[in-house]
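Undergrad: Sharing a structure here in structure tokens format.
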Amino acid sequence: VRERGIERMEQWVINVICVLFAFLGFGLIYGLSVLAAPLLSKTYGTLDLGQQCEFASRVHSCVHGIVVPLGVFVCLAKCDLWPWNNEKESFIRNDCEPIQGLTRAALLSDPAAGVFGIVIGYFAFDLVLCLYYQYDMWQVFAVHHVLGIAPFLVTCFICENLPLLLGGGILVELANPTMNWEWWLEITNRKETTVYCVVKHVSYCMWVLWRVTLPCYLVYGLCRYAIPEHGGGGCFLMSYLTGIIIFVFCIAVFTMVMTVSLLKFHGCIKEVDHVTEPRSSQDMSLQDTFSGLRESLNVLAWERRIATSPTAKQRMQTTVRKIQRAATTIGLLADLDQEKLEDDDIPVSYTHLRAHETPEHLVCRLLLEKKKKKTATNSKTTNIVITTML
């Protein structure tokens, strides 16, 4: 019992060392990315803080997507866990020391040992970045990282389980380098280049291979071999749940994001200019305010047409142009009929004129009416005088 306790403590210490090593290693990569990026790329300086953080995060994501899958391949070969040799046996086996780094001998004899500890360190460090910087969709990434850590914590510190399922599941990270490269070309406005076209199609193919085909096969092996053999509880439950959730996530993202993006790139789907998003109470108030502004603009346009005084007409025209420029700035004149604003010959009814009459208009109208009466009186007097003379 004492020897078993010492062996168990040794396993814990080795896995903790692997996790800390990975956490510090990815932190170092992140720091070097932040320091080197401004020197290597002028575009980096134009990004905001969230995008700069995301860039550095994607750099160590690329490193993780290359180093860890290579270690998984080496360890699966050491343990002879290739499904084509014995499919059922590969899916139900629970022992593979190199991939879990459970003994000092395994860790010292194979540089790729302790891969699962490295995975834990990567997800832990990236989770810290997500929670600290809270860049775009950070909640989704946080949930993804927690689910990603859980089964590897179980297999490294509680009980070994299903190394082929977990090792194969982490191979989905092979799609990261091309996906991150595509993201970089997008934020640097290089969508029209040949390089972007090639990278986008390669990234899509990598998704098909590693994030669609591979998860489908792993879920097939899980349902056909692992669950009937080991049951649905105990140490295996977290591995089951994570495997199924990753499968659903990959298929959903591939269908609704990757495929739609590729179709838009080829012009098969037209992009919508304005996407309706949930608005806060402040946004709704602002939107309603400018909706009223747009209606007022239409009213002022009508009043400008019916104004009889040249000075009033010019003043209204200036006001219309000012409001039009302000509304155009926030993009609220998409459905405003510009032709009606420029057309001064549209007749309006006297009722419409009186309904939209302002105090200034009233003063102008009364002055004009007074002037007309005075002119009419003078004209009548002149006619009488002329008639008398004749």
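The values are calculated or read from the model by the stated rules, or taken from the named source; none is laboratory data. Bear in mind the structure is a predicted one, so any value in this text is a computation, not a measurement. In this analysis, Cβ positions are derived from the backbone assuming ideal geometry, glycine residues included, and neighbour counts consider all displayed protein chains. Ligands, DNA and RNA are excluded from the accessible area calculation, which covers all protein heavy atoms including side chains. Shrake-Rupley method; radii C 1.70, N 1.55, O 1.52, S 1.80 Å.
Undergrad: Which one is nearest to Ala77 (Cα to Cα), of the residues in the range 181-203 that are open to solvent by 10 Å² or more (accessible area, probe 1.4 Å) and polar (S, T, N, Q)?
TA: Taking the candidates together, the pick is Thr194.
Undergrad: Test each condition in (1) surrounded by 15 or more Cβ atoms within 10 Å (Cβ to Cβ); (2) within 29 Å of the chain's Cα centre (by Cα); (3) modelled with pLDDT under 85 for Thr46 and report the one that comes out false.
TA: Among (1) surrounded by 15 or more Cβ atoms within 10 Å (Cβ to Cβ); (2) within 29 Å of the chain's Cα centre (by Cα); (3) modelled with pLDDT under 85, Thr46 violates only (1).
Undergrad: Quick check on the range 156-164. Is at least one of its residues buried (at least 20 other Cβ atoms within 10 Å of the Cβ) and either of a type in the set (A, V, I, L, M) or in contact with a strand residue (DSSP E or B) (Cβ under 6 Å, 6 or more places away or on another chain) (or both)?
TA: Checked the range 156-164: at least one residue is buried (at least 20 other Cβ atoms within 10 Å of the Cβ) and either of a type in the set (A, V, I, L, M) or in contact with a strand residue (DSSP E or B) (Cβ under 6 Å, 6 or more places away or on another chain) (or both).
Undergrad: Also, quick follow-up: If you take the residues of the range 204-228 that are among the β-branched types (Val, Ile, Thr) and either in contact with a helix residue (DSSP H, G or I) (Cβ under 6 Å, 6 or more places away or on another chain) or in contact (Cβ under 8 Å) with a residue 24 or more places away in the chain (or both), which of them is surrounded by the fewest Cβ atoms within 10 Å (Cβ to Cβ)?
TA: Val208
Undergrad: Let me ask something additional. Wholly within the range 158-248, which helices (runs of 4 or more DSSP H) include no fewer than the required count, namely at least 2 residues that are within 23 Å of the chain's Cα centre (by Cα)?
TA: 176-187, 194-206
Undergrad: What pairs can you find where one residue is in the range 24-42 and over 14 Å from Val128 (Cα atoms), the other is open to solvent by 40 Å² or more (accessible area, probe 1.4 Å) and among the small types (Gly, Ala, Ser), and their Cβ atoms are less than 8 Å apart, with a gap of 6+ or different chains?
TA: Pro38/Gly45
Undergrad: Still on this structure, please answer the following. Quick test of your reading of the structure: Phe73 fulfils all but one of (1) open to solvent by less than 60 Å² (accessible area, probe 1.4 Å); (2) among the hydrophobic types (A, V, I, L, M, F, W, C); (3) under 17 Å from Asn176 (Cβ atoms). Name the failing condition by number.
TA: Unmet for Phe73, out of (1) open to solvent by less than 60 Å² (accessible area, probe 1.4 Å); (2) among the hydrophobic types (A, V, I, L, M, F, W, C); (3) under 17 Å from Asn176 (Cβ atoms): (1).
Undergrad: Restricting attention to the range 242-261, report how many residues are open to solvent by 30 Å² or more (accessible area, probe 1.4 Å), under 26 Å from Asn86 (Cβ atoms) and touching a residue at least 40 places away in the same chain (Cβ under 8 Å).
TA: Matching residues across the range 242-261 total 1.
Undergrad: State whether the residues of the range 137-150 include one that is open to solvent by 70 Å² or more (accessible area, probe 1.4 Å), among the aromatic types (Phe, Trp, Tyr), at negative phi and out of contact with any Phe, Trp or Tyr (no Cβ under 6 Å at 6 or more places or on another chain).
TA: Yes, there is a match, as at least one residue in the range 137-150 is open to solvent by 70 Å² or more (accessible area, probe 1.4 Å), among the aromatic types (Phe, Trp, Tyr), at negative phi and out of contact with any Phe, Trp or Tyr (no Cβ under 6 Å at 6 or more places or on another chain).
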